[in-house]
Amino acid sequence: MNLTLILFIVLAAVAVASAIGLLVSRNTVYAALFLVLNFATVAVFYLLLGAPFIALAQVTIYAGAIMVLFLFVIMLLGADKLPRGQVLPWQRPMAIVLAAVLLAEAGLLLFQRLKLTAGLANPEASVNTTQALQTLGLALFSQYLLPFEVTSVLLLVAMVGVIVLTKKEKGEPG
Amino acid sequence: MAHTIPLSWYLAISAALFAMGALGVLIRRNPLIIFMSVELMLNAANLAFVAFARSFGVLTGQIFVFFVMTVSAAEVAVGLALIIIIFRNKHSIDVDLMNSLKG
């Protein structure tokens, strides 16, 4: 049992446990913090998979920017202590059954299809990280330059849209 | 450090996280938590992308993950703005109250 395997198992347990924590926590702030933990463990998975750029982008964008936005809105709305509405009696068992069916389908597909490819798990023994980063940057700015620029337009549109949506009309009360 | 974890293990984790995200969308009625569950599902898909990229030795998967992250950032910004507007109009954010398009 080597170090990578132990690390993988611990990370997998933390990821699944934090996802369960997100599902069951009553307080929205706790749910957001569980999600931050989950994003952090997934970032370490990316590092294990030899993708340092994606791992750091995950920490900055998801665990940083997006979750700060979430926490900001939670505290702005005071949504951490919402009153509980009445729950449909069949909603929870139904949802659990549907999720179990989804998981079973995914597992079935995984083990049917991966019988063919289970052997090719890792063609190259170890990736040179610096070289991989260089290749990624070059691909992003040459082959994928157009999509890259389109995302900047997308972000601009989202920003303008949010400002227009949340702007109050003149004279509109509070 | 030699890399010994099989691809299918990463895919299993990804499937488990995705199913939990779907479960969260189905059982919770706070739209903020539903949003977080959607982020969890996107994240599970990203993990599968990176695992496949590593397995096949190509970088396209990582580049696609980068674009998914950008799009989800935009989506979160717009979605949270909508939640704020709904809260301003209805003074509540229970999903059961959002049953009409008219504010």
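The values are calculated or read from the model by the stated rules, or taken from the named source; none is laboratory data. Quantities reported herein were computed from a predicted structural model and do not represent experimental measurements. Note: ideal-geometry Cβ built from the backbone for every residue, glycine included; neighbour counts use all protein chains shown.
Below are the figures for this structure:
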| read-out | value |
| --- | --- |
| Meets criteria (surrounded by fewer than 16 Cβ atoms within 10 Å (Cβ to Cβ) and either more than 9 Å from chain A (Cβ to nearest Cβ) or of a type outside the set (Lys, Arg) (or both)) for B:Val58 | yes |
| Considering residues of the stretch B:66-91 that are polar (S, T, N, Q) and facing chain A (nearest Cβ under 8 Å) only, the residue farthest from the chain's Cα centre (by Cα) | B:Thr70 |
| Filtered residue count, the stretch A:12-51, keeping only those that are buried (at least 19 other Cβ atoms within 10 Å of the Cβ) and facing chain B (nearest Cβ under 9 Å) | 19 |
| Looking only at the stretch A:72-90, and only at residues there that are assigned to a helix (DSSP H, G or I) and at pLDDT below 80, the one that is farthest from B:Ile83 (Cα to Cα) | A:Lys81 |
| Single residue of A:Gly50, A:Gly78 found to be in contact (Cβ under 8 Å) with a residue 60 or more places away in the chain and not hydrophobic (A, V, I, L, M, F, W, C) | A:Gly50 |
| Residue tally, condition crowded, with 22+ Cβ neighbours inside 10 Å and under 10 Å from the mean Cα position of the chain (by Cα), over the stretch B:40-55 | 4 |
| Any hit, the stretch B:15-28, residues being in a loop (DSSP other than H, G, I, E, B), modelled with pLDDT under 90 and within 20 Å of the chain's Cα centre (by Cα) | yes |
| Meets criteria (facing another protein chain (nearest Cβ under 7 Å), hydrophobic (A, V, I, L, M, F, W, C) and under 28 Å from A:Gly21 (Cβ atoms)) for B:Ile34 | no |
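To keep it simple, each residue is scored yes or no on (1) facing chain B (nearest Cβ under 9 Å); (2) over 22 Å from the mean Cα position of the chain (by Cα); (3) modelled with pLDDT of 80 or more.
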| position | (1), (2), (3) |
| --- | --- |
| A:Gln58 | yes, no, yes |
| A:Ala63 | no, no, yes |
| A:Met94 | yes, yes, yes |
| A:Ala100 | yes, no, yes |
| A:Leu103 | yes, no, yes |
| A:Gly107 | yes, no, yes |
| A:Leu120 | yes, yes, no |
| A:Ala139 | yes, yes, yes |
| A:Ser142 | no, yes, yes |
